[in-house]
Amino acid sequence: MTLFLASQSPRRRELLNQIGVVFEPLEVGVDETPAGGESPLDYVRRVAREKAGAGLLQVAAVPGALVLGADTEVVLGGLVFGKPADGAGAARMLRLLSGRTHQVISAVALVSAGREVETVSVSEVRFAMIDEPAIAAYIATGEPFGKAGAYAIQGRGATLVAHLSGSFSGVMGLPVHETAVLLRGFGFAV
């Protein structure tokens with residue numbers, strides 16, 4: 001059985017490597033626009049499934065192909081905070097998260113030619129109060145870009161987090177425990 005990761009995320013690669021999982025990365029193109037009326041949870045689950053499905057289409061000719069797709073989003077007040085388009089977008093997100101508790105939803109889908117399973121991890125993250133100079137300094141590092149909610153908990157963004165309840169790796173982009181359980185269900189030694 002060959003495992004493929006339908007993601008170019010360096011964090012997801014790092015987390016799979018950390019638990020000793022051998023995989024091959026795939027680049028997939030999936031429309032990540034939320035559907036009208038779609039809840040944040042349903043949105044994250046759908047995107048993870050679509051990434052895994054798109055990956056499986058690419059490797060359908062590989063015997064025993066298994067594809068892992070994942071999506072992680074920051075949610076506050078029912079609104080999904082995607083990746084900021086620019087510094088102003090990052091600053092807006094960080095201001096809204098400042099001093100408040102938000103959810104980080106990570107969904108993982110694992111698909112083969114004859115089977116599909118998924119899991120979801122929901123973590124609660126409380127930010128400290130962040131003043132404007134701290135927001136500007138953090139944005140200047142470049143770290144907020146390409147990150148849901150404009151922060152990286154595994155980097156300098158950790159200084160913004162006052163409390164975490166849930167999965168640290170899930171907030172990074174791939175809940176390791178939940179992913180390992182799925183992989184074991186397919187016979188992977190994790």
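Key figures
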{"quantity": "Mean Cβ neighbour count within 10 Å, used as a protection proxy, ranking 56-62, 70-76, 116-122 highest first", "calculated": "70-76, 116-122, 56-62"}
{"quantity": "Taking the chain and dividing mean pair separation by its residue count, relative contact order in percent (alpha carbons under 8 Å, at least six apart)", "calculated": "22 percent"}
{"quantity": "Largest to smallest principal axis extent of the C-alpha atoms in region 120-190, angstrom", "calculated": "50, 22, 15"}
{"quantity": "Radius 13 Å from Cβ of residue 155, net charge of other residues (Lys, Arg +1; Asp, Glu -1)", "calculated": "+1"}
{"quantity": "Dmax and Rg, reported as Rg then Dmax, of the chain (C-alpha, Å)", "calculated": "16.7, 54"}
{"quantity": "Taking region 14-87 and dividing mean pair separation by its residue count, relative contact order in percent (alpha carbons under 8 Å, at least six apart)", "calculated": "26 percent"}
{"quantity": "Volume of the Cα convex hull of region 52-96, divided per residue and given in Å³", "calculated": "91 Å³"}
{"quantity": "Relative contact order for region 85-133, counting Cα pairs under 8 Å that sit 6 or more residues apart, in percent", "calculated": "41 percent"}
{"quantity": "Radius 14 Å from Cβ of residue 47, net charge of other residues (Lys, Arg +1; Asp, Glu -1)", "calculated": "-2"}
{"quantity": "At most 16 other Cβ within 10 Å, DSSP loop - trypsin sites (Lys or Arg not before Pro), region 49-136", "calculated": "100, 115"}
{"quantity": "Quotient of Cα Rg and 2.2 N^0.38 Å for region 22-82, N being how many residues it contains", "calculated": "1.28"}
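Read the figures in this text as sums done on the coordinates, not as results from a lab. Everything numeric here is computed off the predicted structure, so don't read it as measured data. Cβ sites come from the backbone with ideal geometry, for glycine too, and all protein chains shown count toward neighbours.
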